[in-house]
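No lab work stands behind these numbers, since they all come straight from the coordinates. Because the structure is predicted, anything quoted here is derived from the model rather than measured. Cβ placement follows ideal geometry from the backbone for every residue including glycine, while neighbour counts extend to all protein chains displayed.
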Amino acid sequence: MFEYKAPLRDFKFATQELFNSEDHYQKLGFEDASPEMIEAILSEAAKFTEQVIAPINQIGDQQGCHWDNGKVTTPDGFKDAYRHYIDGGWPTLSQSIEFGGQGLPHSLNTMVSEMLSSANHSFAMYPGLSHGCMSTLEHHGTEQQKNMFMPHLVDGTWTGTMCLTESHCGTDLGLLSTKAELNEDGTYSLNGSKIFISAGEHDLSENIVHLVIARAIDSPKGTKGISLFIVPKFNVNDDGTVSDENGVSCGSIEHKMGINGNATCVINFDNAKGYLIGEKNRGLNCMFTFMNGARLGVANEGVAASEAAFQGSLAYAKDRLQMRSMSGVKNPNGPADPIIVHPDVRRMLLTQKSIAEGGRALVAYLGQLVDTTHAGKTQQDIIEANNRLALLTPIAKAFLTETAVDNTSYGIQVFGGHGFIKEWGMEQLLRDTKICCLYEGTTGIQALDLIGRKVLANKGELLNSFTAEIIAFCQKNQNGNLGEYCATLQEYVELWQDVTKDIAMKSAINADEIGAASVDYLMLSGYIVLAFMWIQSAKTAQQALNEQATENDFYQAKQNTAEFYFDRILPKAHGHLACLRNGAKSLMAMSEEQFSLSI
């Protein structure tokens, strides 16, 4: 098993140097978020994730969770680690001071979350979903509901979940059958079952607060009749203390491809007491507060997986001796050269590195946008941040997770046959990472959201605002060291704009053109967005080199990685461009019967 090390230097680059977090925090009024404070927090988070969380990652995979008569036991070490997590105050980091939080910015917590996920994806999911639960309560809950549930969620003694999916309906939530009946005291009784509930039952916290979508008895069918309810595992008194058991039980846990250390549960509601949150029949609007935050969290998990795959691959490639370099012996005192000298191994390493570091820059940028939505000083700033998040969230979620699966696969490839063996930890990374492409909306769902809701529905307004910013950057820097990159990126952006118009025209004639283009359109968008992150990184690194920085090798590595991204990664966008331009014809021509004629 490789030894995880938190990428503290790159966190500093992405936040402080690239996106000037010091000015950003001061502007928003986060006075305690000084560079010194952030460095101290991240340093402690690194120690915690490296020394406490990472060592139980493989144990969690090997042992998995165990279900017995409705109760779930987590793997060895998870309870102790979670206790250390609470004792260290990590759940409170970016939560409201009003409920016992530290009131620090969301973007700081994002870095801690990446460390947790890189070190141990399964463990990180237990507290991870609580953030969405708290955000939804803060935005949509009543004062009484907040007082009942928030303090214990904030301090981590309670955890939260999101209960959407049912066995007969996944993304199509309008088909749900869970019912909610109004009680005389204003609460509701919920009946039904939900599946695929991450951290739905476990032995880490004293209570579990489920956010459940259901249909009130008198509500219409479809998505217009969905409401959202708070349903705790144990009933809660008005003062926030735990009462008796609620009608909530875990019917079973799933046996999965990966994330075995996290319990994925079937949760049954049998006359379970619930509290309506937000307006009746407006549950999806409330739940999107949870889902959008969760999608950004999953994008961060993609970065974490690419980082972990890179670290494991790099350590092995430096150590493993195999063949001689084609350009001459590099290790004359050994029987062979380390495999890092071979071009194809470097291709895989640089792919992992460029996606991990470019993705980290993107997540840092998105994290600052979230900060602005929370603490922006003007309504216009908040609107602009929300609009940019609306456009980039589906891109980040899908692109960074799809490329993470590629990068974990490269990790196995770098190790060769050893990568296929469990003891090295690389095959676990691939298994653990694939789920990121599925939950909180599959890649296909994110793609439809992007092209349908975020681009075409508003006639390209959100996209045009972003592409205008990229083009302005390229024009401003076209005569300097970035000139070649700027010309290349501007060309891609113009192609992006043109193909968007093409899809809009085709879809006016045939609606299937949207679905046919969607995933390739999203991947094209992802490659271009990350190119924008890398061109800004190259500029920042060049400025540091011009100032005779003491870390010349670090900044030169940034320059080299940017060059690799533009040379070997960005051109992949052309393949997606060609595919989506070919339209829906070949996808839709075959009848259902023809699919099975060769079987």
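Tabulated results
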| item | result |
| --- | --- |
| Potential extension, GLU138-ASN479 segment - 0.36 nm per residue separation minus Cα distance | 118.0 nm |
| Under the Karplus curve 6.51 cos²θ - 1.76 cosθ + 1.60, θ = phi - 60°, whole-Hz ³J(HN,Hα) for region 6-15, x wherever Gly or Pro sits | 5, x, 4, 5, 6, 4, 4, 4, 5, 8 |
| Under 14 Å from the Cα of LYS221 - aspartates and glutamates, other chains or at least 8 residues apart | ASP172 |
| Residues with amide H under 5 Å from that of GLY251, placed H, sequence gap 5 or more | VAL266, ILE267, ASN268 |
| Dipole of the chain [Lys/Arg +1, Asp/Glu -1 at C-beta], most positive-end residue of ALA375, VAL231, SER193 | SER193 |
| Karplus (6.51, -1.76, 1.60) ³J(HN,Hα), θ = phi - 60°, over region 471-480, in Hz, Gly and Pro reported as x | 5, 4, 4, 5, 5, 5, 10, 6, 9, x |
| Set LYS273/LYS434; LYS256/LYS422; LYS47/LYS353; LYS224/LYS434; LYS454/LYS506 screened for pairs whose C-alpha atoms are more than 24 Å apart | LYS273/LYS434; LYS224/LYS434 |
| Where N is the number of residues in region 447-589, Cα Rg divided by 2.2 N^0.38 Å | 1.20 |
| Residue-wise HN-Hα coupling along region 378-383, computed from phi with Karplus coefficients 6.51, -1.76, 1.60 (Hz; x: Gly, Pro) | 10, 5, 5, 4, 5, 4 |
| Per-residue [θ]222 nm for the chain (sum of -39500 (n - 2.57) over DSSP H runs n ≥ 4, rounded to 500) | -18000 deg cm²/dmol |
| For ILE277, distant residues with modelled amide H under 5 Å away | LEU228, PHE229, ILE230 |
| Under 14 Å from the ARG568 label point (7 Å along Cα→beta-carbon), backbone N, region 401-431 | 407, 410-411, 414 |
| Dipole magnitude of region 71-125, debye to nearest 20 (Cβ charges: Lys/Arg +1, Asp/Glu -1, about Cα centre) | 140 |
| Selection from GLY88, GLY101, LEU392 lying farthest towards where the dipole of the chain points positive, charges on Cβ | LEU392 |
| For the chain, alpha-carbon Rg relative to the globular expectation (2.2 N^0.38 Å, N residues) | 0.98 |
| Net charge, VAL212 excluded, C-beta distance under 15 Å - Lys, Arg +1, Asp, Glu -1 | +3 |
| Signed unit charges on C-beta, dipole axis of the chain, positive-most listed residue LEU28, HIS131, THR408 | THR408 |
| Net charge of neighbours whose Cβ lies under 12 Å from the Cβ of LYS377, counting Lys and Arg as +1 and Asp and Glu as -1 | -1 |
| Point-charge dipole on Cβ atoms (K/R +1, D/E -1) for region 324-425, about Cα centre, debye to 20 | 240 |
| Other-chain or far-sequence residues with amide H under 5 Å of GLY141's (modelled H) | none |
| In degrees, nearest ten, helix 78-87 long axis to first principal axis of the chain (Cα) | 90 |
| Within the chain: Cβ-based charge dipole about Cα centre, in debye rounded to nearest 20 (Lys, Arg +1; Asp, Glu -1) | 1440 |
| Aspartates and glutamates whose Cα lies under 18 Å from that of LYS27, excluding same-chain neighbours fewer than 8 positions away | GLU17, GLU36, ASP371, ASP381, GLU384 |
| Neighbourhood charge, 13 Å Cβ-Cβ cut-off, centred on THR74 and excluding it, Lys, Arg +1 and Asp, Glu -1 | -3 |
| Amide N of region 400-421 lying under 12 Å from the label point, which is placed 7 angstrom from the Cα of LEU587 along Cα→Cβ | none |
